[in-house]
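Student: One structure follows; several queries about it will come next.
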Ligand SMILES: [Zn+2]
Ligand SMILES: [Zn+2]
């Protein structure tokens, strides 16, 4: 009898220790689930529901919580929204023509509306590079300096002195009707 009494005592102590550890784990899980839910949602109802599920269903409750909890924490969601916003700004900045502010595509070399040059093809690898870049980021070839395009003849001011004859002329200067850079002398 003495032996079985001792065994019973040991068994009781073992069960008490096991229950104590289990309760400690249970309470820790409730606290962890509450903190975790608080970092994922500001909704008070969701926080209370989390505590109820994890408290009323020991161990199983935490599994249910892990399956159903929101995928990202509030700080992760905030970081993602910041990233999305900055990406959107980058796209907005790149997809507008600096000349006329109309939408342009990233592969366009010139704006079809106002004819502003947007990008140039690399002299070596033909990849599109920004106009102000002096080397190609793809193949490191040096890019020629940007030369402004010649002004079309029909946009030249008819009285621009650049297009007057260099020598004094004897007679009347007559410009061609649609080309002010060409002129003839008549008496
Ligand atoms: Zn434009
Ligand atoms: Zn290149």
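Rule-based calculations on the coordinates, nothing more; no lab input. Values in this document were obtained by computation on a predicted structure and should not be read as measured data. As a convention, Cβ positions derive from the backbone with ideal geometry for all residues, glycine included, and neighbour counts pool all protein chains shown.
Student: Per-residue counts of other Cβ atoms within 10 Å, averaged by peptide: what ranking do you get for 108-114, 16-22, highest first? Let's see the in-between values first.
Tutor: Working: 108-114: 14.0, 16-22: 10.3.
Put in order of decreasing packing, that is 108-114, 16-22.
Student: Once you have the Cα-Cα distance between residue 95 and residue 64, take 0.36 nm times their residue separation minus that, and quote the gain in nm to one decimal.
Tutor: The residue 95-residue 64 span can extend by a further 6.6 nm.
Student: Another question, if that's okay. Could you compute the FRET efficiency for residue 121 and residue 83, with r as their C-beta to C-beta distance and R0 at 22 Å, rounded to 0.05?
Tutor: For residue 121 and residue 83, the calculated efficiency is 0.10.
Student: Grab the Cα-Cα distance for residue 108 and residue 41, subtract it from 0.36 nm times how many residues apart they are, and report the gain in nm with one decimal.
Tutor: 19.7 nm
Student: Can you figure out the FRET efficiency of residue 72 with residue 25, using R₀ = 25 Å and their beta-carbon distance, to the nearest 0.05?
Tutor: Working: r = 27 Å, r/R0 = 1.07.
So, using R0 = 25 Å, E works out to roughly 0.40.
Student: OK, next. Distance between the C-alpha centers of the range 1-42 and the range 43-74? Whole Å please.
Tutor: Between the Cα centre of the range 1-42 and that of the range 43-74, the gap is 20 Å.
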